[in-house]
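What follows is one structure encoded as structure tokens, with my remarks underneath.
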Number of protein chains: 2
Amino acid sequence: MGNSTLTNTTDRVEVKVDLAERSYPIHIGSPILNDNKLLNSLLAPHIHGTQVMIVSNVTVAPLYLKYVEDALTSYHTESVILPDGEQYKNIESWNSIFDALLNARFDRKCTLIALGGGVVGDITGFAAASYQRGVNFIQIPTTLLAQVDSSVGGKTGVNHPLGKNMIGAFHQPECVIADTQTLNSLDDRQLSAGVAEVIKYGLIRDVPFFEWLEQNIDSLLQRDPAALSYAIQRSCENKAEVVAADELEAGQRALLNSGHTFGHAIEAGMGYGEWLHGEAIATGMVMAVDLSQSLGWISSVDVMRLRNLIKRSNLPEQGPAELSSDDYLQRMAVDKKSEAGKIRLILQKSIGDAVLSTAFSEQQLRDTITANSSTAD
Amino acid sequence: MGNSTLTNTTDRVEVKVDLAERSYPIHIGSPILNDNKLLNSLLAPHIHGTQVMIVSNVTVAPLYLKYVEDALTSYHTESVILPDGEQYKNIESWNSIFDALLNARFDRKCTLIALGGGVVGDITGFAAASYQRGVNFIQIPTTLLAQVDSSVGGKTGVNHPLGKNMIGAFHQPECVIADTQTLNSLDDRQLSAGVAEVIKYGLIRDVPFFEWLEQNIDSLLQRDPAALSYAIQRSCENKAEVVAADELEAGQRALLNSGHTFGHAIEAGMGYGEWLHGEAIATGMVMAVDLSQSLGWISSVDVMRLRNLIKRSNLPEQGPAELSSDDYLQRMAVDKKSEAGKIRLILQKSIGDAVLSTAFSEQQLRDTITANSSTAD
């Protein structure tokens, strides 16, 4: 594929994100974390000073922190353990990283390592972007969602009570290490949430991958190592291509937000942490294709294919009964893709062909939301 | 001068900061703010959307906010008024800008305008760097310190209780507008604080400017318009040259921090807002040349020339009695120029010739601090 290269080793593949002097490798495979020597060899080239701050959370740290520390015994390592959950992706958590960095007197040559899911990665990346106006960081994603999406591409940030990811920076990691073994400790709900982002790549730009998912979704959910590894690799290749072409989201990178405008409204409206991000965007993609169909764009067959894949992945097809279309519209107006209050959505011409569009009326949008929401008992 | 160009108009000069596609003009002169049409013509090319958020403080807003609003009647303008003082250069003030932006539903094409001194400029710039991962901003500095230093060069950020400017970003403004008339509303103490940064340029890299200051310091302190305008222009030219050569402070840009490592220790040690930034770095420069002299570098004549200029500017030559050398050393170890806990300082070979150095012992540093501090009564 155009902007990514592949190196096959026994149990690992490497996908490269091509951003000139800010290019970096994504190492995918297993075992990595519990192989001290290998992990050290992958990390060491990207640590420029002697000081390493590992940021993790209360769920992940007991499982994997020791592996990272053991691989870095020749460095001065410290750690920050955050609470677990999207509701903690805020300025307070971010600021607690600065407390740790300054108390340990870490300087501008220090390196931050994000060890955890998307929340840990986004907060840590933004802390790295902001500490002393920018230090290096490395991503070690431990959830499927983070491995296939949030750890790649340099989008970092925290939530504001009025909107998700409203405060942040573009700050690329020095490398990404995705050990598929870490997915064995994920519960089924978290795994499914990650699958939503995997489906997204098929939906917006990769028909063969969508077809592969239709055939292999059961293996993926049963955590077949080969299926997981392939899904992560293919997702990262898709993301790497898009990011290489449009790092700062001037154009096509916005397509990666398929389902996200609806999804963010659900997440914020229900209170962060109530719905998982992947669950919310799964429902968001269903709403997006429903709206696309009502515009006469995507075929009913394609809509059913997406709905089936979402259903088979144990992801919600319907929005929560608690939110009205007003609740959605109010939240959607502050989406980052909005311009002068006008909502812009990623819609579908067909599976594999997405467009950023404003070609819908407010009533059509409201009808879609209502038609795809649970009704209160 | 190398990287800056000059356009003389009747009462204005333009200095250009040369950063390829991020180049921008600094307009210096008067009247600008109270000339609606002129102000509009200078601002409009740099406002890309329709939404403009003006950030100011309780001291400056009553004086000048209306001028900026009147020049931008064709835009949707909103404003945030922060409290006044270095002690408010913190995450809370910064976050209050996001509250305003999100409540007004401002999108990624909005523009932030910083109207005020260095604190307002630094906070606003960092908010612009972080809002939706980066929006445009314009600097309208209203203090001498901001006009000659902090509004130029893209360093933005806020303080952490454990260190000054520890959280921030490099984010260049779209343009800078320095109306020298705004300096008439400064009190004498604030004016002198700005002069400290002006003296700095002479000390570190511009002997003729240092000599000009020795001859014209009284006119400058009496707010002679021509003297002010020349001092600002020459300061901005010096800063523009340094920033163009080293935007991200990989090398020579660090020299602009002359006196700042000592100064930051004084500011943080006394509590932000107690000593003005310019006062603290004036004392810091005295300490830096004293240490340089004790290393056998700068001559006693040059040391006396700096001390005289500081004294004639009504700036403090001595550090506060409240701080011990331990207090300094503890603060100085977390300075951004430090590496692995080793303090690095801008020292002087002579007036006009500065170097970043670690060529001093801890005892020499302590002796310098003690010798240049007031003794408690």
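The values are calculated or read from the model by the stated rules, or taken from the named source; none is laboratory data. What you are looking at is a predicted structure, and each value in this text was computed from that prediction instead of being measured. For neighbour counting, all protein chains shown are included, and Cβ atoms are generated from backbone atoms with ideal geometry for every residue, glycine included.
For this structure, a couple of remarks:
- Matching entry among A:Glu241, A:Glu237, A:Glu211 (being free of Cβ contacts under 8 Å to residues at least 12 places away in the same chain, assigned to a helix (DSSP H, G or I) and of a type in the set (Asp, Glu)): A:Glu211
- Listed by position, the strands (runs of 3 or more DSSP E) enclosed by segment A:135-189 that each have at least 1 residues that are polar (S, T, N, Q) and away from chain B (no Cβ under 14 Å) are A:136-141.
- Filter result (polar (S, T, N, Q) and over 20 Å from B:Asn95 (Cβ atoms)) within segment A:133-182: A:Asn136, A:Gln139, A:Thr142, A:Thr143, A:Gln147, A:Ser150, A:Ser151, A:Gln172, A:Thr180, A:Gln181, A:Thr182
- Where A:Leu295 falls short, out of the listed (1) buried (at least 21 other Cβ atoms within 10 Å of the Cβ); (2) of a type outside the set (D, E, K, R); (3) within 27 Å of B:Arg108 (Cβ to Cβ): (1)
- Filtered by the rule that a residue be aromatic (Phe, Trp, Tyr) and more than 14 Å from chain B (Cβ to nearest Cβ), segment A:87-134 gives a lone residue, A:Tyr88.
- Note on segment B:41-55: residues that are farther than 14 Å from B:Leu65 by Cα and either of a type in the set (Val, Ile, Thr) or at pLDDT 95 or above (or both) amount to 9.
- Selection count where residues are closer than 29 Å to B:Met332 by Cβ, surrounded by 24 or more Cβ atoms within 10 Å (Cβ to Cβ) and not charged (D, E, K, R), scope segment B:227-242: 4
- Looking across segment A:214-234, the residues that are assigned to a helix (DSSP H, G or I) and polar (S, T, N, Q) come down to A:Gln215, A:Asn216, A:Ser219, A:Ser229, A:Gln233.
- Criterion: more than 20 Å from the chain's Cα centre (by Cα), assigned by TED's automatic domain parsing to the domain that holds B:Val148 and among the hydroxyl-bearing types (Ser, Thr, Tyr) - qualifying residue of B:Ser56, B:Ser74, B:Ser93: B:Ser74
- Test: residue in segment B:132-149 that is closer than 29 Å to A:Ala100 by Cβ, surrounded by fewer than 23 Cβ atoms within 10 Å (Cβ to Cβ) and out of contact with any Pro (no Cβ under 9 Å at 6 or more places or on another chain): yes
- Taking residues in segment A:253-276 that are over 16 Å from A:Val158 (Cα atoms), and partners anywhere that are assigned to a loop (DSSP other than H, G, I, E, B), the pairs with Cβ atoms closer than 6 Å and at least 6 places apart or on different chains are A:Arg253/A:Asp246; A:Ala254/A:Lys337; A:Thr261/A:Asp335; A:Ile266/A:Trp275; A:Gly269/A:Leu323; A:Met270/A:Pro320.
- Residue in segment B:314-322 that is under 20 Å from B:Thr370 (Cβ atoms), surrounded by 24 or more Cβ atoms within 10 Å (Cβ to Cβ) and touching a residue at least 12 places away in the same chain (Cβ under 8 Å) present: yes
- For segment B:321-377, the set of residues classified as within 14 Å of chain A (Cβ to nearest Cβ), among the aliphatic types (A, V, I, L, M) and in a loop (DSSP other than H, G, I, E, B) consists of B:Ala333, B:Val334, B:Ala340, B:Ile343, listed by residue number.
- Hits in segment A:24-52 - residues which are assigned to a strand (DSSP E or B), over 28 Å from A:Ala226 (Cβ atoms) and not aliphatic (A, V, I, L, M): A:Gln51
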